[in-house]
Amino acid sequence: MSTSGSLVLVIGALLSAFAAIAHLVCIFIGAPAYRFLGAGERMARGAEAGKLKPTIITAMIAIILLIWSIYALSGAGIIESLPFTKWVLVAISAVFLGRALAFPILKPIFPENTMTFWLVSSGICLFVGSLYLYGVILQWYML
């Protein structure tokens, strides 16, 4: 296994974990955090009203990001190998990259999200997805 691939996957894992923590912090701060992060007024108002939907959506995203972080650490060899690690990491890369590139299609579905939200979150997804894919390539295909 490649040392460079491990390093790239660890960086991807750290960024995914950071994003997960940011989502959890958003739940605890509430509406101001949803607004600051550009998640849309509907999410912010729902959080202000004490509705569960914003919390559930945000918590699910955080859980998924944490699982992805764990898989990246597995792929890097930092923790024990998880089932189908290589293929899961390829799928994670595809989801991140797909999310980054699909924002023009997603934007009309979520019109309350700000352009800043779309550009920043899509840029982050593009960067992190590229890290995961590059890490997989270095780890398993560039021996």
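The values are calculated or read from the model by the stated rules, or taken from the named source; none is laboratory data. For clarity, every value in this text was computed on a predicted model and none was experimentally measured. Every residue, glycine as well, gets a Cβ built from its backbone with ideal geometry; the counts of neighbours run over all protein chains shown.
Data overview
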| read-out | value |
| --- | --- |
| Top-ranked residue of the stretch 122-143 - restricted to ones that are of a type in the set (G, A, S) and touching a residue at least 24 places away in the same chain (Cβ under 8 Å), ranked as farthest from R42 (Cα to Cα) | G135 |
| Selection from the stretch 78-89 of residues that are farther than 21 Å from I21 by Cα and buried (at least 17 other Cβ atoms within 10 Å of the Cβ) | T85, V88 |
| Selection count where residues are within 16 Å of V120 (Cβ to Cβ) and aliphatic (A, V, I, L, M), scope the stretch 1-24 | 3 |
| Selected residue [surrounded by 13 or more Cβ atoms within 10 Å (Cβ to Cβ), at pLDDT 95 or above, hydroxyl-bearing (S, T, Y) and over 17 Å from L14 (Cα atoms)] from S122, S74 | S122 |
| Wholly enclosed helices (runs of 4 or more DSSP H) of the stretch 1-52 bearing at least 2 residues among the β-branched types (V, I, T) | 3-29 |
| Members of the stretch 31-58 that are among the small types (G, A, S) and crowded, with 16+ Cβ neighbours inside 10 Å | A31, A33, G38, A39, G40, A44, G46, A47 |
| Where a residue in the stretch 73-94 is in contact (Cβ under 8 Å) with a residue 60 or more places away in the chain and its partner, wherever it lies, is of a type in the set (D, E, K, R), with Cβ under 8 Å and at least six apart | G75/K86 |
| Counted residues, the stretch 1-30 - those being among the aromatic types (F, W, Y) and more than 10 Å from the chain's Cα centre (by Cα) | 1 |
